[in-house]
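Have a look at the structure below before the remarks.
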Amino acid sequence: MTSLTADHVRLGELIDTFAGVSERDTSPGVTRLAYTPVERAAHDLFAEWMSSLGLTVWIDAAGNTLAERAGTDSGLPAIGTGSHLDSVPHGGAFDGVVGVCAAMEAARLLVEHDVPHRHPMRFVVFAGEEGARFGQACTGSRIVAGLTGTVDLPEKRDAAGVSLADAMVEVGFDPAAVEQARWSGEDWAGFVELHIEQGSVLETENVRLGVVDTISGSTRLRLQLTGRATHSGGTPMHLRADAMAAAAEVVLLIESLAAGEGNIGTRTTVGKIDVTPGSITTIAGRASLWVDVRGTDADHQRNTAQEIVTQAAAVCARRGVGFEHEQLADTPPVRLPDAVRDELAESCRAVGVEPRVLTSGASHDAQQINNVIPTGMMFVPSKAGISHDPAEWTSVEDIALGTTALTTSLIRLDAGLS
Ligand code: GLV
Ligand code: MN
Ligand code: MN
């Protein structure tokens with residue numbers, strides 16, 4: 001057992017503190033959306049905590065907050081860990097927060113036990129990980145990985161029509177400058193992220209730690225169905241162009257495209273529909289559907305998205321309803337490097353757990369960071385697999401065990417990486 005053991009009471013306090021940083025009057029759950037003042041307030045708490053430990057703290061042009069503890073050997077690239085502090089609307093207190101609190105506790109352990117390390121250690125909070133507001137997930141980590149740039153920011157809009165570029169300006173960032181945040185592979189040796197599983201494999205198998213081999217990709221669409229808003233009493237059934245009825249058929253079609261035999265793990269979800277004018281006595285004139293296609297096979301994921309567009313267009317044509325579509329995001333699945341995974345697995349064994357190797361159904365900053373730095377990911381169990389919901393929960397004991405394993409992995413990577 002390593003002597004650097006995470007303190008579950010401190011971790012619980014940190015998680016509770018972040019849970020208190022939420023939009024007013026949005027109960028239940030935590031609402032701390034990407035590029036909002038409440039997300040920035042959570043980053044500020046992280047920055048203050050890391051400064052109080054004596055680390056050097058800075059905020060980059062994308063809104064990511066970084067803290068560094070210097071290494072003993074000059075010129076070596078950094079080893080990093082971290083996650084995100086934004087949430088979905090009415091989300092839980094653990095998604096992203098666990099990885100950030102683990103980074104804070106790892107930093108405390110290194111500082112208070114005066115542990116030397118050769119490489120600089122960097123602790124990172126990525127901005128805007130959730131795709132809930134702008135469709136595209138992982139904005140901060142995609143910017144540092146060179147996958148999202150200035151040109152992409154005006155195109156992404158939230159439900160109120162605010163562009164990602166304007167949202168960044170509102171919280172003090174210059175969208176024209178985001179490329180300055182880009183990371184160079186030469187400056188980094190490795191990166192590891194701890195996260196809640198957001199599924200039920202670990203709980204079902206009664207294993208307290210998981211190591212991720214593959215992170216699912218996600219293709220996201222907005223479908224716009226345009227019918228005719230007319231009187232619900234005056235319009236005969238055969239003279240309708242009902243956007244609501246077309247949307248209902250399209251939702252079931254989308255579900256069936258992933259439920260079929262031969263599906264290799266692709267998941268399809270319509271998580272949001274807006275219908276106008278939204279009156280009991282008016283046939284729906286318009287319906288917007290937000291569709292998320294997740295997969296571990298890039299071709300299958302993208303072919304399913306294409307099939308949704310083709311078949312939904314046919315449903316609408318048959319019903320005399322107009323159809324348009326827009327791709328909001330497209331991220332392929334990623335297989336994480338074996339070498340980092342092996343280090344994480346050894347770190348789990350060092351705390352007495354043989355880890356379950358598993359696939360992540362959710363997207364993560366680690367997925368983007370792996371484009372520039374060899375990256376690994378570790379999971380702790382989620383109660384009943386619930387996430388993106390106020391009922392999301394992981395015990396502080398499991399979070400502490402994961403944090404101890406994560407800290408061990410930082411030390412192992414420091415010893416093993418050049
Ligand atoms: C991130 O939480 C995702 O939606 O996968
Ligand atoms: Mn997350
Ligand atoms: Mn999430």
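Any idea what % of Cα-Cα pairs in the chain are farther than 32 Å?
37 percent
Just add up the charged neighbours of residue 124: K/R +1, D/E -1, any other residue whose Cβ is under 10 Å from the Cβ of residue 124.
-3
If you place +1 on the Cβ of every Lys and Arg, -1 on the Cβ of every Asp and Glu, and leave all else neutral, what size is the dipole of the range 1-41 about its Cα centre, to the nearest 20 Debye?
That gives the range 1-41 a dipole magnitude of about 100 debye.
Select from 62, 284, 42 the residue whose mean-square fluctuation is largest in a Gaussian network model of the chain (Cα-Cα springs shorter than 10 Å).
Of 62, 284, 42, the Gaussian network model singles out 284 as fluctuating most.
Could you run the Karplus curve 6.51 cos²θ - 1.76 cosθ + 1.60 with θ = phi - 60° over the range 373-389 and give me ³J(HN,Hα) per residue in whole Hz, x for Gly and Pro?
Rounded to whole hertz, the list is 9, x, 10, x, 9, 10, 10, 10, x, 10, 4, 6, x, 7, 8, 6, 7.
Output the relative contact order of the chain, whole-number percent, from Cα pairs under 8 angstrom with separation of 6+ residues.
For the chain, the relative contact order is 23 percent.
How large is the dipole of the chain about the Cα centre if only Lys and Arg carry +1 and Asp and Glu carry -1, each at its Cβ, rounded to the nearest 20 debye?
In debye, rounded to 20, the chain gives about 1060.
Highest mean first, what order results for 129-142, 315-328 on Cβ atoms within 10 Å?
129-142, 315-328
Please compute, for the alpha-carbon atoms of the range 14-162, the extent along each of the three principal axes and give them in descending order in Å.
Projected onto its principal axes, the Cα set of the range 14-162 covers 49, 36, 18 Å.
Residues with amide H under 5 Å of residue 188's amide H, sequence separation 5 or more or different chain, H placed in the peptide plane at 1.01 Å from N; which?
78
Got a sec to turn the phi values of the range 233-244 into Karplus ³J(HN,Hα) couplings, 6.51 cos²θ - 1.76 cosθ + 1.60 with θ = phi - 60°, whole Hz, x for Gly and Pro?
Rounded to whole hertz, the list is x, x, 9, x, 4, 7, 10, 9, 10, 9, 5, 5.
Residue 377's amide H: which non-local residues (gap 5+, or another chain) put their own amide H closer than 5 Å, with H modeled 1.01 Å from N in plane and none for Pro or chain starts?
Close amide H contacts, sequence-distant or interchain: 193, 212.
Please tell me the relative contact order of the range 217-331 in percent, rounded to the nearest whole number, where contacts are Cα pairs under 8 Å and at least six residues apart.
After rounding, I find 46 percent.
For the charge dipole of the range 220-334, defined by +1 on Lys and Arg C-beta atoms and -1 on Asp and Glu C-beta atoms about the Cα centroid, which residue among 253, 268, 300 has the Cα displaced farthest towards the positive pole?
Result: 253, furthest along the dipole toward the positive end.
Would you mind computing Rg(Cα) / (2.2 N^0.38 Å) for the range 269-341, counting N as its residues?
1.51
Can you pull the semi-axes for the range 217-331, root of five times each eigenvalue of the Cα gyration tensor, sorted largest first, whole Å?
Three semi-axes, in Å: 29, 13, 11.
Whole angstrom only: what separates the Cα centroid of the range 239-306 from the Cα centroid of the range 172-190?
Distance between centres, Cα-based: 36 Å.
What residues have an amide H closer than 5 Å to that of residue 198, excluding those fewer than 5 places away on the same chain, when H is modeled at 1.01 Å from N in the peptide plane?
Sorted by chain and number, the residues that satisfy this are 382.
Among 337, 402, 137, which residue has its Cα furthest toward the positive end of the charge dipole of the chain, with +1 on Lys/Arg Cβ and -1 on Asp/Glu Cβ?
137
Using the alpha carbons of the range 1-78, what is the convex hull volume per residue in cubic angstrom, as a whole number?
Normalising the Cα hull of the range 1-78 by residue number yields 148 Å³.
Could you tally the net charge around residue 257, taking each other residue with its Cβ under 11 Å from the Cβ of residue 257, Lys/Arg +1 and Asp/Glu -1?
-1
For every helix of n ≥ 4 consecutive DSSP H residues, a contribution of -39,500 (n - 2.57) applies; sum these over the chain, divide by its total residues, and give [θ] at 222 nm rounded to the nearest 500 deg cm²/dmol.
-10500 deg cm²/dmol
Could you give the distance between the Cα centres of the range 91-119 and the range 379-412, to the whole Å?
If you average the Cα positions of each part, the centres end up 12 Å apart.
FYI, it's all coordinate maths here, none of it is from the lab. None of the values given here were measured: they were computed from a predicted structure. Glycine also receives a Cβ, built like all others from the backbone with ideal geometry; neighbour counts cover every protein chain displayed.
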